[in-house]
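Notes for the one structure printed next.
The values are calculated or read from the model by the stated rules, or taken from the named source; none is laboratory data. Keep in mind that this is a model prediction, so the values were computed, not measured. As a convention, Cβ positions derive from the backbone with ideal geometry for all residues, glycine included, and neighbour counts pool all protein chains shown. Calculation scope for accessible area: heavy atoms of the full protein, side chains included, ligands and nucleic acids excluded. Shrake-Rupley method; radii C 1.70, N 1.55, O 1.52, S 1.80 Å.
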Amino acid sequence: MCGIIGYVGFRPVNETLFRGLRRLEYRGYDSAGIAVHDGERISLLKRRGNLDSLEPHLEALPREASMGIAHTRWATHGHPTTENAHPHLDCRGEIAVVHNGIIENFQELREELTARGHRFLSQTDSEVVAHLVEEEYQGDLLEAVRRALRRLEGAYALVVMSSREPGVLVGARKDSPLVLGLGEGENLLASATPALLDCTHRALALENGEMAKVTRDTWRLLDLAGRPVERRPFEIPYDVAAVEKGGYADFMLKEIYEQPQAWKNTLRGRLDRSGRLRIEELEGHGIDLSSIRRIIFVSCGTSYHASLLGRYIFEAWMDIPVEVDIASEFYYREPRLDPSCLVVAVSQSGETLDTMGAVRWAARCGAPSLSVVNVVGSMMARESDGVLYTHAGLEIGVAATKTFIAQMAAVYLLGLYLGQERGLLEEGFVREVFSYLESLTGSIEEVLEDTEAVETCAEKYCRCEDFLFLGRNINYPMAMEAALKLKEISYIHAEGYPAGEMKHGPIALLHPGFPVVALIPSDPIYDKVRNNIEEVRARQAPVIAMATRGNHEVGGFSDEAIFVPEVRPQFNPVVLAPALQLLAYHIAKMRGCNVDQPRNLAKTVTVE
Ligand code: M6R
């Protein structure tokens with residue numbers, strides 16, 4: 001939620017900040033702004049709308065600036081207007097602040113500061129930070145920010161500058177991500193590493209309760225008590241090309257086509273020489289897997305659907321109860337956990353605050369947590385007891401695609417690994433299934449090569465305003481994921497439903513203008529799903545059947561058929577997911593939607 005960046009160095013500041021913002025735009029795009037310091041004073045530019053609205057006005061900023069801060073917003077407090085866009089200034093225009101997160105006690109602070117004569121120009125929670133720093137400023141920006149932070153409750157990643165201290169940026173974080181990019185004669189602070197790539201590949205992540213003071217040639221980390229913090233920088237493992245579209249019309253399409261690679265990379269290097277499954281990043285995690293009596297997946301959105309898949313797989317392979325919870329519903333009900341419960345947190349970003357809440361709740365209860373995360377070194381990866389990385393690479397499109405398939409790979413892998421480590425799965429079985437998983441790369445490629453039927457369906461039904469996706473058993477989470485994908489990028493109302501449950505209510509909705517996408521790959525419950533499709537047809541709703549290639553009867557009971565390659569029933573989700581993503585993608589494009597930046601959304605949700 002929101003992307004922030006600060007730059008100090010030798011490059012043209014306005015362009016450098018703007019390029020950095022472009023790399024963070026996936027985090028929020030309802031308004032944006034830049035403040036630069038020209039050696040004497042701070043100049044400000046803000047606009048409602050995404051970065052395209054800001055770009056034509058960049059010339060209005062002084063060219064001789066040597067540092068600045070910038071922000072692309074996803075509104076929480078206050079409408080997406082120019083006034084509410086960041087950076088925010090104090091009363092004198094001497095302190096400028098960009099913020100990602102939520103200041104929970106902002107009302108109280110605002111009232112207090114207003115009573116002391118401060119004038120507020122926005123409705124945001126963030127503006128109080130500029131005024132608080134102003135109150136505390138006595139010639140040392142770092143100290144003023146440190147003192148101001150003591151008053152803040154909630155989550156924040158901040159970058160602050162003062163007109164009185166040219167060349168100095170101060171950053172701080174609590175529960176919202178902030179990284180420091182280390183260049184030669186230039187340094188940066190930003191929400192995420194893509195924003196650093198035009199300047200440097202060397203970075204380090206600030207931890208909760210840490211601050212950074214940065215100039216063009218120096219940087220220092222410290223905690224809130226002012227004590228120095230040591231941290232080794234890391235190399236950012238991808239380059240600028242990864243954050244470009246590479247000839248595709250959108251990031252989403254590029255990422256859909258990167259799925260075979262994401263699948264392969266997540267499985268790569270997981271077998272040791274003796275043929276045992278080995279998850280290097282889980283070694284030395286200290287979780288006693290043999291004492292686990294219960295597994296609870298927690299996650300949000302698409303990651304929740306990968307978790308649901310996990311339940312089917314784990315229950316099939318292991319005699320252990322598995323639950324799946326939506327993270328935002330998990331910790332507020334204070335579920336009873338103990339050291340025999342393993343909490344598996346699934347998250348692309350590793351920063352989703354709801355899921356973080358579950359990880360922290362597990363820690364409070366003494367229950368071990370294991371995260372399945374894509375962003376290396378993210379907060380969840382650091383705070384959970386063990387981590388399994390998905391290696392999908394950077395995902396920019398707001399709709400999760402390649403990270404979903406990588407999560408599926410991770411879930412199969414984790415199931416095999418837990419079964420192996422707990423002595424429940426034979427070594428031969430683990431090896432055989434693992435090599436089958438590897439072979440599925442080709443099946444994913446096949447889905448992506450043959451898109452004609454998907455595009456035909458998209459064209460025929462793209463003007464419908466409701467869709468129902470039906471799946472049963474292990475394919476039910478795919479129906480839910482398909483509905484989420486369609487909703488978020490095309491704004492069509494869609495529901496994912498268990499095929500057998502439809503007759504208990506939703507069937508009342510059906511009519512000839514309400515297409516039903518039925519997932520009916522070949523598997524042991526094929527006949528049951530077929531019966532459910534007949535129930536749909538009896539209500540004259542059009543049926544789009546997604547079936548296994550070679551099924552010659554499907555045309556007899558559907559209006560359209562989309563075929564996916566034949567795979568073992570337990571792995572049908574792997575070939576259904578890309579086909580469903582493509583269907584959602586083409587429908588959204590035919591409706592003229594911006595699939596990379598759907599309205600009201602942000603890629604990383606760091607608020608509750
Ligand atoms: O980073 P996370 O996996 O924790 O994010 C969870 C959801 O916010 C995310 O999956 C969201 O639903 C996506 N927009 C789905 O495409």
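Residue pairs whose Cβ atoms lie under 7 Å apart, separated by 6 or more positions or on different chains, with the first residue in region 134-161 and in contact (Cβ under 8 Å) with a residue 24 or more places away in the chain and at positive phi and the second open to solvent by 30 Å² or more (accessible area, probe 1.4 Å) and hydrophobic (A, V, I, L, M, F, W, C), are G154/I102.
Only one of the numbered conditions (1) open to solvent by less than 50 Å² (accessible area, probe 1.4 Å); (2) in the same structural domain as G154 (by TED's automatic domain parsing) is not met by R216, and that is (1).
Filter the strands (runs of 3 or more DSSP E) completely within region 27-113 down to those with at least 2 residues that are within 15 Å of L132 (Cβ to Cβ). Before the answer, list the steps.
Working: elements: 31-37, 42-48, 67-73, 95-103.
The strands (runs of 3 or more DSSP E) meeting that bar are 95-103.
Against the condition in contact with a Gly (Cβ under 8 Å, 6 or more places away or on another chain), among the small types (G, A, S) and in a helix (DSSP H, G or I), how does G415 come out, does it pass? So that I can check it myself, show each step before the final result.
Numbers: in contact with a Gly (Cβ under 8 Å, 6 or more places away or on another chain): yes; among the small types (G, A, S): yes; in a helix (DSSP H, G or I): yes.
Spelling it out, G415 is indeed in contact with a Gly (Cβ under 8 Å, 6 or more places away or on another chain), among the small types (G, A, S) and in a helix (DSSP H, G or I).
With respect to the conditions (1) more than 10 Å from the ligand (Cβ to nearest atom); (2) crowded, with 24+ Cβ neighbours inside 10 Å, H391 lacks only one, and its number is (2).
Among the residues of region 458-483, those that are in a helix (DSSP H, G or I) and open to solvent by less than 30 Å² (accessible area, probe 1.4 Å) comprise A458, Y461, I474, N475, P477, M478, A479, E481, A482, A483. Within region 272-292, being more than 17 Å from A363 (Cα to Cα) and either modelled with pLDDT of 95 or more or over 28 Å from the mean Cα position of the chain (by Cα) (or both) holds for D272, R273, S274, G275, R276, S290. Looking across region 504-536, the residues that are more than 21 Å from L580 (Cβ to Cβ) and buried (at least 16 other Cβ atoms within 10 Å of the Cβ) come down to I507, E535.
Residue-by-condition table, conditions (1) surrounded by 15 or more Cβ atoms within 10 Å (Cβ to Cβ); (2) on the phi > 0 side of the Ramachandran plot; (3) assigned by TED's automatic domain parsing to the domain that holds E165; (4) in contact with a Gly (Cβ under 6 Å, 6 or more places away or on another chain):
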| site | (1), (2), (3), (4) |
| --- | --- |
| D38 | yes, no, yes, no |
| R41 | no, no, yes, no |
| L54 | yes, no, yes, no |
| R63 | no, no, yes, no |
| H71 | yes, no, yes, yes |
| A75 | yes, no, yes, no |
| N84 | yes, no, yes, yes |
| R92 | no, no, yes, no |
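Annotation note: of M408, M380, the sole residue that is under 20 Å from G310 (Cα atoms), part of a helix (DSSP H, G or I) and in contact with a Gly (Cβ under 6 Å, 6 or more places away or on another chain) is M380.
Working only within region 302-330, note down all residues that are away from the ligand (no atom under 16 Å from the Cβ) and either part of a strand (DSSP E or B) or of a type outside the set (G, A, S) (or both).
Matches in region 302-330: R311, Y312, I313, F314, E315, W317, M318, D319, I320, P321, V322, E323.
What about V605, is it touching a residue at least 24 places away in the same chain (Cβ under 8 Å), open to solvent by 10 Å² or more (accessible area, probe 1.4 Å), within 16 Å of the ligand (Cβ to nearest atom) and outside any strand (DSSP E or B)? Here the answer is yes, as V605 does meet what is asked. For region 545-579, a residue qualifies if it is open to solvent by 20 Å² or more (accessible area, probe 1.4 Å) and not in a loop (DSSP other than H, G, I, E, B), and the qualifying residues are G555, G556, E560, A561, F563, P569, Q570.
Considering (1) in contact (Cβ under 8 Å) with a residue 12 or more places away in the chain; (2) assigned to a helix (DSSP H, G or I); (3) more than 16 Å from the ligand (Cβ to nearest atom), the lone condition that T403 does not fulfil carries the number (3). Residue-level check: of (1) open to solvent by 20 Å² or more (accessible area, probe 1.4 Å); (2) within 21 Å of F251 (Cβ to Cβ); (3) not basic (K, R), V373 misses just (1). What do you reckon, is A410 surrounded by 24 or more Cβ atoms within 10 Å (Cβ to Cβ) and in the same structural domain as Q261 (by TED's automatic domain parsing)? So A410 passes the test. Say we look at region 288-301 and pick out the residues that are open to solvent by 20 Å² or more (accessible area, probe 1.4 Å) and over 15 Å from P477 (Cα atoms); which of these is nearest to the ligand (Cβ to nearest atom)? Applying the filter and picking the extreme gives R294.
Quick one: which residue in R333, R360, R382 is free of Cβ contacts under 8 Å to residues at least 24 places away in the same chain and either open to solvent by 10 Å² or more (accessible area, probe 1.4 Å) or more than 13 Å from the ligand (Cβ to nearest atom) (or both)? Reasoning before the result, please.
Numbers: R360 fails: free of Cβ contacts under 8 Å to residues at least 24 places away in the same chain; R382 fails: free of Cβ contacts under 8 Å to residues at least 24 places away in the same chain.
That would be R333, the only listed residue that is free of Cβ contacts under 8 Å to residues at least 24 places away in the same chain and either open to solvent by 10 Å² or more (accessible area, probe 1.4 Å) or more than 13 Å from the ligand (Cβ to nearest atom) (or both).
Here is a check on your reading of the model: is A249 among the hydrophobic types (A, V, I, L, M, F, W, C), open to solvent by 10 Å² or more (accessible area, probe 1.4 Å) and either out of contact with any helix residue (DSSP H, G or I) (no Cβ under 7 Å at 6 or more places or on another chain) or not assigned by TED's automatic domain parsing to the domain that holds E351 (or both)? Walk me through how you get there before you give the answer.
On the way: among the hydrophobic types (A, V, I, L, M, F, W, C): yes; open to solvent by 10 Å² or more (accessible area, probe 1.4 Å): yes; either out of contact with any helix residue (DSSP H, G or I) (no Cβ under 7 Å at 6 or more places or on another chain) or not assigned by TED's automatic domain parsing to the domain that holds E351 (or both): yes.
In short, yes.
Out of region 580-602, which residues are in contact with a Ser or Thr (Cβ under 7 Å, 6 or more places away or on another chain) and either within 11 Å of the ligand (Cβ to nearest atom) or open to solvent by less than 10 Å² (accessible area, probe 1.4 Å) (or both)? Give the steps one after another, and end with the answer.
Of region 580-602, the ones in contact with a Ser or Thr (Cβ under 7 Å, 6 or more places away or on another chain) are 581-582, 584, 587-588, 591, 593.
Selection gives Q581, L582, A584, I587, A588.
In this structure, is E438 more than 16 Å from the ligand (Cβ to nearest atom) and under 30 Å from K254 (Cα atoms)?
On the way: more than 16 Å from the ligand (Cβ to nearest atom): yes; under 30 Å from K254 (Cα atoms): yes.
Here the answer is yes, as E438 does meet what is asked.
Every residue, every condition in (1) touching a helix residue (DSSP H, G or I) at 6+ places or on another chain (Cβ under 8 Å); (2) open to solvent by less than 10 Å² (accessible area, probe 1.4 Å), yes or no:
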| site | (1), (2) |
| --- | --- |
| E143 | yes, no |
| E153 | no, no |
| V159 | no, yes |
| V170 | yes, yes |
| R173 | no, yes |
| L178 | no, yes |
| G181 | yes, yes |
| G185 | no, no |
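Checked against (1) part of a loop (DSSP other than H, G, I, E, B); (2) within 15 Å of the ligand (Cβ to nearest atom); (3) open to solvent by 10 Å² or more (accessible area, probe 1.4 Å), G350 passes all but condition (3). With respect to the conditions (1) open to solvent by less than 10 Å² (accessible area, probe 1.4 Å); (2) away from the ligand (no atom under 16 Å from the Cβ), H285 falls short on a single one, namely (1).
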